[in-house]
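Trainee: Got a structure for you, written out below as structure tokens; questions coming shortly.
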Amino acid sequence: MSISVENLTIHESASLLADKKISSVELCKAYVDRARKLEPKIKAFLKLNEEEIFSQAKASDERRVSGKSLSPYDGVPVAIKDNITVKGQSCTCASKILEGLNSPYDATVIKKLKEKGFVLYGRTNMDEFAMGSSCENSSFQKTANPWDTNCVPGGSSGGSAASVAAGEVTAALGSDTGGSIRQPASLCGVVGFKPTYGRISRYGLIAFASSLDQIGPITRDVEDAAILTDAMYGRDSMDATSLPSTNESFAEGLGSLKDLKGVRIGLPKECFEVEGLDAGVRKIMDKSIQVFKDLGAEMVQVSLPHSKYAVATYYVIATAEASANLARFDGIRYGKRVKTDGLLETYLETRGAGFGDEVKRRIILGTFVLSSGYYDAYYTKGQKVRTLIRKDFQEAYRKCDVVLTPVSPTTAFKFNEKSDPLQMYLADIFTISTNLAGICGISVPADVHENGLPVGIQLVGPDMGEKQLLRISHIFERNRPRKEFIPGI
Amino acid sequence: MSKYDVVIGLEVHVQVRTDSKMFCSCPNRFGQEPNTMVCPVCMGLPGVMPYPNREAVRKTVMAGLMCGCEIAKFSKFDRKSYFYPDMPKNYQISQYDLPLCGKGKLHVCGKGFSGAELPDKSIGITRIHLEEDVGKLNHFAGYSGIDFNRAGVPLMEIVSEPDMSSADEAYAYLTSLKQIMQYADISDCDMEKGQMRCDVNISLKLAGAKEFGTKVEIKNLNSFRSAHRSIEHEIIRQAEVLDAGGKITQETRGWTDDRGETYLLRSKESAHDYRYFPEPDLLPMTFSDEDIAKIKSQLPELPEQKRERFVATLGLTPYDAQVLTLDKTLSDYFDEGAKLAKSPKMLANWIITELLRELNDRNIPFENNPVPVSHLVELVELVSGGTITGKSAKEVFSELFAGGKTPKQIVSEKGLVQISDDSAIEKFVITAIEQNPTQVKQYKEGKTAVMQFFVGQVMKQSKGKANPQIVNKLLREKLDQC
Amino acid sequence: MEKKIIDVKYVAALARLELDEDKEQRLQKEMETILNYVNSLSELDVSGIEPTAHAVQMTNVLRNDVSSSTFPRDVMLANAPETVGGELIKVPAVIPGEEES
């Protein structure tokens, strides 16, 4: 097979498949071969069932031959983060407590991908129950950053980001509660997109923080992110919080901007004042600002005055919701039960043994902030600060069209480097506000740091502003193509 | 007992009759094979989400309107967290601070369960909210088994003010509530099927004292009668403790019908910390004045309105009206019959004294009543029109229970038509007089009571068909002539 | 002795998490650090601000009352660690009437 698949995008694959230059089986085999080679070092996948992959690919090829392809993307493989249910597959969320669970139903996004013929390709590693920013909290294995295997890929969608960056698959699904798509994407040099809250159904996504979670694509370019978003978004009769469909295609007209004249890009002063912001990352931000300027965009100073409370607010709200969402994991109806003689012991020991340290930390924090006597001081307060954070963005968007910030204060850090939980939480400082405000955000690769690791920039758009956000990202990408700075393309 | 004031509040749970469950589309059905009415949502599998049932919300608002409750303009669901095996998510989706229905009231009056007259009184309702039911635990030796068929069934929780002061009032409140639920087709409130559950909160205080005493909760009551008995028992128990100088501890007690006593389930040293917070997977509900007006227009005639109508336009006594409106099927039955009957009052009497008694004796619930109302109306007419005697009517009535035949058919088959022909009766009268000279002599001596004997003789000869008035008239004539 | 902000032992019990003494002590320290950080929220004046209870602004998102077919029992119980005759989910004996918080 002469086609090198490691940098192929979904849209490129679609052309190759349509032109019969490659079959889905060949495409998937090439990825599986790469995965076999790279996985011992990268460990991005918790499960990679070749039989399942090839049976889907074969069916896709058969459809194509008889002219019955389900979509132009029929046969393109997409990796699935292990917190999204696929009927008949395991779904552990990288946790021991869900070992042995076989999901009896498909998440809505999986149904939708199946309808378009995408090949579901393995289950990727993550921080346990999506709690973490490095993928180190997985109970099963540590995923390494393909750029430097001594470094983390980021989290919680570390496996998805690493697998795409390493060319083990075409694209992947991740989930984002405080930056879990965007941060690993930036640390791995790929695109990661979180749509507006409610755009993509959460039915079948194992909930971490119900009012913050969103499923989104991790891809090699912006167009792929738009394609996957098109395939997945829309009203779902199983998710009461899903937004009505707006009948738009995000991929359509994606490249229609010739320049950014008339586009205002907001630079929040608080973001650029963050203490831990690495100098090299700062330099890359400045370079990226120049790219926007050269395209004719107007850079506008904006202020998000409550940014500094975002992490604290997030850890109150997200952990509160998580403490309730994870209460169902008790070994009673499914998952790994520690068998004892008493009911109370069953709960205590099953949960004691089944959950990792970070999960326990967050459950305790969340239980505490909801508990009697503390609810008003913590939870209600947190929800009010959340309102202030939303208002900050609403104000900012009066002056600009999208907001530009770093994604992560540093490049990928080494394993065990951030051993202090609070240090780890602060790694999300740039991405968290987007989830609290419920708006859309994307991480796009911008450059490679002096230390050899990739750095992405984050663009944040207003409520329902995906179309413009993706177009602006796309033109940035055209003027800062990955192949210019990412080796091997 | 007048040393103490009894303060009773009731917390009643009513399952809402809907096609599907509260937060998923599983069928809402009782009595199915265990774990066959379940899906990932009501079993709390990872990744699932709730989606609320519009009809359950509408019926809850209806219930509130029927109790005169304020309907919230803005309402929401909350998560109530606690760990228990019948709870699939270890939190229950319920309502905390913004329930669908606010303050309302129920009226009680008439005769209490014990037979004493009830004071005419309004029992306050604090709130009505909507939540999901939990699964069912089956207990075996050394282990338990869970059936999730019931998990997720829509459940209304109705909390009363502590306005009741006797077991009779509590019983009457429960009856009123059941009536309302049945009338609005919200629930059958069959306690045996778990459609209605009741917890009692009861405390005693010194008569006239301002501060309430320590309250005790009584759970596991499976009938209105159990509720009544347990309250009466608990009043005595608490009074005895207080009389002896002791203190009532806040606790939860169960009730056993067999032993006729409450027993300690658990002490309540600390309140449960349910850690309520707004359910993030569900969106709030809002009601405009138009929305509420629309639901109001769908309300059926309330039992109280029915009773007033029965008394005012159909000539029933308040007691008649009370009995006939106890059950919706019964009141519908009567209403239908009243349209056909010449005398609704007579029909009411027959239903109350004959039909209900017969059903009770044979242990048949009213819903299985085999006598169509048209038959009963016909029977009543046969009596009031003089076609048959009251005695014959009772015979016909028993036959009606076997079903199939109309009263007219039975009367003609059995030849029960009343004999009202003077000459025919005269023959019987003469025979009776001739055959019983001793009694004639007694009558002549002034023992007028012996008349009954002669009436009996004539009835025997006529096989009960002779018209009693004519019998009496002719007997008197003939006896006086002797 | 500084007053503890949080009693980790109590909260862990509420959350049904078994912790050995080592872990409990470590968590106690970690929680105090994190909560000290979170307490920065107390600086903010939020009077007059409504809490964001829901991330989406819609209301009255309700479903029509129509039942549909359920999942077969064997599928629903397939993941159960223990069953009673394949019909009920088996758990250690529960004392009737006992409710735990």
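The values are calculated or read from the model by the stated rules, or taken from the named source; none is laboratory data. Computed from a predicted model, the values in this text were never measured in an experiment. Cβ coordinates were reconstructed from backbone atoms using ideal geometry, including for glycine residues, and neighbour counts include every protein chain displayed. Just the protein is used for accessible areas: all its heavy atoms, side chains included, with ligands, DNA and RNA removed. Shrake-Rupley method; radii C 1.70, N 1.55, O 1.52, S 1.80 Å.
Trainee: A:LEU344 versus B:LEU264, label points 7 Å from Cα toward the beta carbon: distance in nm?
Mentor: Between A:LEU344 and B:LEU264, the simple spin-label model gives 1.6 nm.
Trainee: Which parts of the range B:362-378 would a label at B:LYS405 reach, counting a residue when its backbone N lies under 12 Å from a point 7 Å out along Cα-to-Cβ?
Mentor: No residue passes the distance filter.
Trainee: Right, another one. Just counting partner chain Cβ atoms within 10 Å, what average do the residues of peptide C:33-43 show around their Cβ? Don't jump to the answer; show the numbers that get you there.
Mentor: Details: counts 3, 11, 8, 1, 6, 15, 4, 6, 10, 4, 2.
Across the residues of C:33-43, the mean count of other-chain Cβ atoms within 10 Å is 6.
Trainee: Would you kindly enumerate the cysteines in chain B that have no other Cys beta-carbon under 4.7 Å from their beta-carbon?
Mentor: For chain B, the answer is B:CYS24, B:CYS26, B:CYS39, B:CYS42, B:CYS67, B:CYS109, B:CYS189, B:CYS198, B:CYS482, because their Cβ atoms have no other cysteine Cβ under 4.7 Å.
Trainee: Ignoring ligands, DNA and RNA, how much accessible area is buried between chains B and A, both sides summed, with a 1.4 Å probe, to the nearest 100 Å²?
Mentor: In total, this chain pair buries about 2800 Å².
Trainee: Would you check the accessible area of A:SER303, probe 1.4 Å, heavy atoms only, in square angstrom rounded to 10?
Mentor: About 40 Å², rounded to the nearest 10.
Trainee: Ranked from highest to lowest mean number of other Cβ atoms within 10 Å per residue, what is the order of the peptides A:282-288, A:406-412, B:292-298, A:106-112?
Mentor: Working: A:282-288: 17.4, A:406-412: 25.4, B:292-298: 12.4, A:106-112: 23.6.
The peptides rank, most packed first, as A:406-412, A:106-112, A:282-288, B:292-298.
Trainee: Which whole number gives the average, over all residues in B:224-233, of C-beta atoms from other chains lying within 10 Å of the residue C-beta? Provide the component values of the computation, followed by the final result.
Mentor: Details: counts 0, 0, 0, 0, 0, 0, 0, 0, 0, 0.
Other-chain Cβ atoms within 10 Å of each residue's Cβ, averaged: 0.
Trainee: I've got another one for you. Label A:GLU275 and B:ASP190 with points 7 Å out from Cα along Cα→Cβ: what is the distance between them in nm?
Mentor: The answer from the label model is 6.8 nm.
Trainee: Roughly what angle does helix B:224-243 make with the longest principal axis of chain B, taking Cα atoms, 0 to 90 degrees, to the nearest 10?
Mentor: 70 degrees
Trainee: Run the numbers for A:ASN102 and A:VAL300: contour at 0.36 nm per residue of separation, minus the present Cα-Cα distance, in nm. Don't skip to the end; give the middle numbers.
Mentor: Working: separation 198, 0.36 × 198 = 71.28 nm, distance 5.07 nm.
Extra length available between A:ASN102 and A:VAL300 comes to 66.2 nm.
Trainee: While we're here: What does the charge dipole of chain B about its Cα centre add up to, to the nearest 20 debye, if the Cβ of each Lys and Arg holds +1 and the Cβ of each Asp and Glu holds -1? Provide the component values of the computation, followed by the final result.
Mentor: Working: 61 positive and 66 negative charges, 175 e Å.
Taking the Cα centre of chain B as origin, the dipole is about 840 debye.
Trainee: Extending each Cα 7 Å along its Cβ direction at B:GLU336 and A:SER372, get the distance between those two points in nm, one decimal.
Mentor: Distance between label points: 5.3 nm.
Trainee: Any chance you could give the angle, 0 to 90 degrees and rounded to 10, that helix B:303-314 forms with the longest Cα principal axis of chain B?
Mentor: With both axes taken from Cα atoms, the answer is about 20 degrees.
Trainee: Still on this structure, please answer the following. Taking the Cβ-Cβ separation of B:ASP289 and B:THR214 as r and a Förster radius of 51 Å, what is the calculated FRET efficiency to the nearest 0.05?
Mentor: Values: r = 43 Å, r/R0 = 0.84.
My answer for the efficiency is 0.75.
Trainee: In whole Hz and in residue order, list the ³J(HN,Hα) couplings for the range A:274-289 that follow from phi through the Karplus curve 6.51 cos²θ - 1.76 cosθ + 1.60, θ = phi - 60°; x for Gly and Pro.
Mentor: Ordered by residue, 3J(HN,Hα) equals 4, 4, x, 5, 4, 4, x, 5, 4, 4, 5, 4, 4, 4, 5, 4 Hz.
Trainee: If amide hydrogens are placed 1.01 Å from N in the peptide plane, which non-local residues have theirs closer than 5 Å to the one on A:LYS81?
Mentor: When sequence neighbours closer than 5 places are left aside, the close amide H contacts are A:THR124, A:LEU173.
Trainee: Taking the Cα centre of the protein assembly as shown as the origin and placing charges on Cβ (Lys, Arg +1; Asp, Glu -1), which of B:ALA312, A:ALA240, B:MET196 is farthest toward the positive end of the dipole?
Mentor: Checked the options; the winner is B:ALA312.
Trainee: May I pose another question? Cut-off 12 Å, label point 7 angstrom out along Cα-to-Cβ of B:VAL311: give me the residues of the range B:107-129 whose amide nitrogen falls inside.
Mentor: Within reach of a label on B:VAL311: B:109-111, B:120.
Trainee: Counting each DSSP H run of 4 or more residues in the protein assembly as shown as -39500 (n - 2.57), what helix-only mean residue ellipticity at 222 nm follows after dividing by all residues, to the nearest 500 deg cm²/dmol? Each step should come with its number before you reach the end.
Mentor: Working: 35 runs with 398 residues, N = 1072.
Rounded to the nearest 500, it is -11500 deg cm²/dmol.
Trainee: Solvent-accessible area per residue for the range B:422-481 at a 1.4 Å probe radius, Å²?
Mentor: Working: 3500 Å² over 60 residues.
For the range B:422-481, the per-residue accessible area is 58 Å².
Trainee: Could you give the angle, 0 to 90 degrees to the nearest 10, between helix B:468-481's Cα long axis and the longest principal axis of the Cα atoms of chain B?
Mentor: 30 degrees
Trainee: Suppose a student asked you for the relative contact order of chain A, using Cα pairs under 8 Å spaced at least 6 residues apart; what percent would you report? Intermediate results must be reported in sequence, preceding the final value.
Mentor: Numbers: 1144 pairs, mean separation 82.7, N = 489.
That works out to 17 percent.
Trainee: Of A:LEU17, A:ALA161, A:LEU228, which is farthest on the positive side of the dipole of the range A:10-232, counting Cα position, with +1 on Lys and Arg Cβ, -1 on Asp and Glu Cβ, and the Cα centre as origin?
Mentor: A:LEU17
Trainee: Can you run phi through the Karplus equation (6.51, -1.76, 1.60; θ = phi - 60°) for the range A:63-80 and list ³J(HN,Hα) in whole Hz, with x for Gly and Pro?
Mentor: 5, 5, 4, 8, x, 10, 4, 6, 5, x, 9, 4, x, 8, x, 10, 7, 10
Trainee: How much FRET efficiency would the formula 1/(1 + (r/R0)^6) give for B:ALA424 and B:ASP361, where r is the Cβ-Cβ distance and R0 is 35 Å, rounded to 0.05?
Mentor: Numbers: r = 35 Å, r/R0 = 1.01.
With a Förster radius of 35 Å, E is 0.50.
Trainee: Search the structure for amide H atoms under 5 Å from the amide H of A:GLY266, placed 1.01 Å from N in the peptide plane, and list their residues when 5 or more places away or on another chain.
Mentor: The list, which skips near neighbours in sequence, is A:VAL300, A:ASP401, A:VAL402, A:VAL403, A:LEU404.
Trainee: Mind grabbing the accessible area of A:TYR374 for me, 1.4 Å probe, Å², rounded to tens?
Mentor: Here the accessible area works out near 80 Å².
Trainee: For the peptides C:13-22, B:204-213, B:144-153, what is the packing order when you average, over each peptide's residues, the other Cβ atoms within 10 Å and list the highest mean first? Please list the in-between numbers first.
Mentor: Values: C:13-22: 17.7, B:204-213: 12.4, B:144-153: 25.4.
Most protected by this proxy first, the peptides run B:144-153, C:13-22, B:204-213.
Trainee: Pull up all non-local amide H partners of B:TYR91: gap of 5 or more, or a different chain, and H-to-H distance under 5 Å with H placed in the peptide plane.
Mentor: B:TYR82
Trainee: Could you work out the relative contact order of the range B:422-481, using alpha carbon pairs under 8 angstrom and six or more residues apart, expressed as a whole percent? Intermediate values should be presented prior to the final figure.
Mentor: Working: 37 pairs, mean separation 28.0, N = 60.
Relative contact order here is 47 percent.
Trainee: Okay, next question. Please report the antiparallel percentage of DSSP beta bridges with both residues in the range A:10-232, rounded to the nearest 5. Show your work: numbers first, answer last.
Mentor: On the way: 12 of 19 bridges.
Expressed as a percentage, antiparallel bridges in the range A:10-232 total about 65.
Trainee: Need one value: the accessible area of C:ASP7 in square angstrom, 1.4 angstrom probe, rounded to the nearest 10.
Mentor: Result for C:ASP7: roughly 70 Å² accessible.
Trainee: Using the Cα centre of chain A as origin and beta-carbon charges of +1 (Lys, Arg) and -1 (Asp, Glu), tell me which of A:PRO146, A:PRO421, A:TYR197 is placed farthest towards the positive end of the dipole.
Mentor: In chain A, that residue is A:TYR197.
Trainee: So between B:THR353 and B:MET451, what do we pick up on full extension, going 0.36 nm a residue minus the alpha carbon distance? List each step's numbers first, then the result.
Mentor: Details: separation 98, 0.36 × 98 = 35.28 nm, distance 2.78 nm.
Taking 0.36 nm per residue and subtracting the Cα distance, the gain is 32.5 nm.
Trainee: What are the ³J(HN,Hα) values, in whole Hz, obtained from phi via the Karplus relation 6.51 cos²θ - 1.76 cosθ + 1.60 with θ = phi - 60°, for each residue of the range A:344-358 in sequence order, with x given for Gly and Pro?
Mentor: So the Karplus estimates, Gly and Pro as x, are 4, 4, 4, 4, 4, 6, 4, 6, x, 7, x, 9, x, 4, 5 Hz.
Trainee: Could you calculate the FRET efficiency of B:LYS105 with C:SER69 from 1/(1 + (r/R0)^6), where r is the beta carbon distance between them and R0 is 45 Å, rounded to 0.05?
Mentor: On the way: r = 42 Å, r/R0 = 0.94.
Using R0 = 45 Å, I get an efficiency of 0.60.
Trainee: So for B:HIS107, C:HIS54, what's the accessible-area order with a 1.4 Å probe, most first?
Mentor: Ranked from most to least accessible, the order is B:HIS107, C:HIS54.
Trainee: Charges only on Cβ, +1 for Lys and Arg, -1 for Asp and Glu: so what's the dipole of the protein assembly as shown about the Cα centre, in debye to the nearest 20?
Mentor: Numbers: 132 positive and 144 negative charges, 270 e Å.
The dipole of the protein assembly as shown has a size of about 1300 debye.
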